[in-house]
Amino acid sequence: MKKNIFVIEGDGIGPEVTRQSVKVLNAVAECFHHEFHYRYGLMGAAAIDKTGDPLPDETVELAMKSDAILFGAIGHPKYDNDPTAKVRPEQGLLKLRKSLQLFANIRPISTYPSLHHLSPLKTKNIEGVDFIIYRELTGGIYFGKKQTNTEQTLASDECTYSKEEIERIAHLAFKQASLRRKKLTLVDKANVLETSRLWRKWVQQIAKEYPQVTLDFLFVDNAAMQIIVNPKQFDVILTENMFGDILSDEASVISGSLGLLPSASVGNGPALFEPIHGSYPQAAGKDIANPLGSVLSAAMMLDHFDLHKEAGLVREAVEWTLVNGFVTKDIDPVNFYFTTTIGELISDYLVGKISGAELNQENIALRKSTII
Ligand code: IPM
Ligand code: MG
């Protein structure tokens with residue numbers, strides 16, 4: 001299979017984690033005789049520094065022409081504490097989502113037995129947790145009319161949703177639920193918000209087309225609590241843009257490390273794959289960031305290309321690193337391996353799995369960093 005992948009490394013740890021995914025994709029291509037071609041583009045603080053624009057037109061054009069986009073991370077501290085900044089890195093990502101109509105953000109939440117101890121939650125509550133959040137990504141309060149009065153004493157952000165915006169993501173979520181444990185939970189604030197009542201109305205309507213799926217509802221405040229006290233109850237969660245943003249970060253603590261979680265943003269054109277973590281500027285350039293969120297995002301990309309065997313093997317390789325303690329500093333602060341080493345190990349595992357080659361144990365041992 002031949003695919004054109006557009007890579008946006010982005011800010012902070014974005015470049016170093018994304019490079020591991022490219023390494024892994026190259027190993028997949030080698031093993032399975034695919035051709036992956038890469039083109040690179042700028043977005044975020046890196047793009048502002050070079051061009052003054054968080055999303056240069058060229059980036060949108062190349063993204064549109066690609067088969068899929070692999071994205072690293074966005075954000076830089078110099079903009080975070082400056083409410084007067086005219087341009088912000090995040091504007092680049094929001095505009096790209098809108099330009100490509102990436103209306104559904106899909107975030108799977110799963111756990112790894114070898115990492116249960118890292119979660120602040122009790123092991124008995126998180127064993128076997130496996131759910132997916134479908135977050136609406138191009139509407140709601142993120143994209144509504146924004147206003148601040150001239151005196152800078154009043155501001156507003158409008159939240160709007162249309163029937164069409166609700167329906168298109170609802171269908172994706174119901175389809176996913178019918179392939180899984182057949183339960184869909186709509187998270188909203190229908191006791192207060194008009195937009196939430198619109199969501200309930202149309203989601204209930206669409207539910208009739210998926211009689212095999214059980215639909216239930218949770219108010220977002222209750223959902224935030226249920227994700228912590230009983231996360232096993234969830235199969236597919238469907239929600240609007242801002243609730244999904246907040247709940248998906250919250251849900252990430254279940255897995256034990258934010259650095260592990262992948263996501264896919266899909267629309268009608270090319271889809272975008274990115275880890276859910278941010279740019280983690282404190283770690284940038286130190287080769288210590290966890291590349292697994294990015295590598296697992298690349299696995300979601302392979303699934304998206306219908307390369308399910310390849311995607312499964314990448315996940316197997318990731319699991320192999322975790323089980324064997326080949327982990328980054330966020331997971332084991334004493335005996336840890338570098339970002340680049342994890343990328344190499346996963347690639348070696350893939351190539352070895354196919355060719356039967358042995359992993360070079362000496363090489364592995366040499367790259368371990370032991371702080372005593
Ligand atoms: C995310 C991020 C973004 C969002 C930011 C960087 C604009 O938090 O992808 O979840 O709020 O959507
Ligand atoms: Mg977020």
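Of Lys23/Lys232; Lys2/Lys183; Lys124/Lys183; Lys232/Lys286, which pairs sit farther than 30 Å apart, going by alpha carbon to alpha carbon? Among Lys23/Lys232; Lys2/Lys183; Lys124/Lys183; Lys232/Lys286, the Cα-Cα distance tops 30 Å for Lys23/Lys232; Lys2/Lys183; Lys232/Lys286. Here the Karplus curve 6.51 cos²θ - 1.76 cosθ + 1.60, taken at θ = phi - 60°, turns the phi angles of the stretch 278-289 into couplings of x, 7, 6, x, 4, 9, 4, x, 9, 6, 10, 5 Hz, with x standing for Gly and Pro. The GluC sites (Glu not before Pro) of the stretch 108-156 that DSSP puts in a loop, and whose beta carbon has at most 15 other beta carbons within 10 Å, are Glu127, Glu151. Residues in the stretch 235-243 carry Karplus couplings, in order, of 10, 10, 9, 10, 7, 7, 4, 6, 4 Hz; the curve used is 6.51 cos²θ - 1.76 cosθ + 1.60 with θ = phi - 60°, and Gly or Pro positions show x. Amide H contacts under 5 Å for Thr214: Lys183, Leu184, restricted to partners 5 or more places along the chain or on a different chain, H placed in the peptide plane at 1.01 Å from N.
How much of the accessible area of the chain, probe 1.4 Å, is carbon plus sulfur, in whole percent?
54
Accessible surface calculations at 1.4 Å, restricted to protein heavy atoms, place the chain at 45 Å² per residue. Taking the centroid of alpha carbons for each part, the stretch 111-144 and the stretch 42-97 are 26 Å apart. Using the rule -39500 (n - 2.57) for each DSSP H run of four or more residues, divided by the residues of the chain, the 222 nm mean residue ellipticity is -13500 deg cm²/dmol.
Apply 1/(1 + (r/R0)^6) to the Cβ-Cβ distance of Asp216 and Lys65, taking R0 = 41 Å, and write down the FRET efficiency to the nearest 0.05. Could you put the intermediate results ahead of the total?
Details: r = 41 Å, r/R0 = 1.01.
After rounding to 0.05, the efficiency reads 0.50.
If you average the alpha carbon positions of the stretch 269-339 and of the stretch 166-184, how far apart do those two centres end up, in angstrom? Rounded to whole Å, the Cα centres lie 26 Å apart.
With N denoting the number of residues in the chain, provide Rg(C-alpha) divided by 2.2 N^0.38 Å, to two decimal places. It would help to have the intermediate numbers written out before the result.
Values: Rg = 20.7 Å, N = 372, 2.2 N^0.38 = 20.9 Å.
Relative to the 2.2 N^0.38 Å estimate, the chain comes out at 0.99.
Within the listed set Gly12, Gly92, Gly312, the Gaussian network model of the chain (springs between alpha-carbon atoms below 10 Å) gives the highest mean-square fluctuation for Gly312.
Can you say what percent of the DSSP beta bridges in the stretch 120-255, counting only those with both residues inside, are antiparallel? Round to 5. Can you show the working numbers first?
Working: 3 of 17 bridges.
Roughly 20 percent of the DSSP beta bridges within the stretch 120-255 come out antiparallel.
On the beta carbon distance between Lys232 and Lys353, with R0 = 35 Å, the FRET formula returns roughly 0.65. Taken over the C-alpha atoms, the stretch 120-255 has Rg and Dmax values of 16.1, 55 angstrom. The amide H of Leu70, built 1.01 Å from its N in the peptide plane, has Phe6, Val7, Ile8, Phe273 as neighbours under 5 Å, considering only residues 5 or more places off or on other chains. Annotation: Glu35 carries an accessible surface of approximately 90 Å², with a 1.4 Å probe and no ligand, DNA or RNA atoms counted.
The figure for Val229 is an accessible area of roughly 80 square angstrom, using a 1.4 Å probe on the protein chains alone.
The values are calculated or read from the model by the stated rules, or taken from the named source; none is laboratory data. Keep in mind it's a predicted model, so treat the numbers as computed, not measured. All Cβ positions, even for glycine, are placed from backbone atoms using ideal geometry, and neighbour counts span all protein chains on display. To get the accessible areas, we keep the full protein, side chains included, count just its heavy atoms, and leave off ligands, DNA and RNA. Shrake-Rupley method; radii C 1.70, N 1.55, O 1.52, S 1.80 Å.
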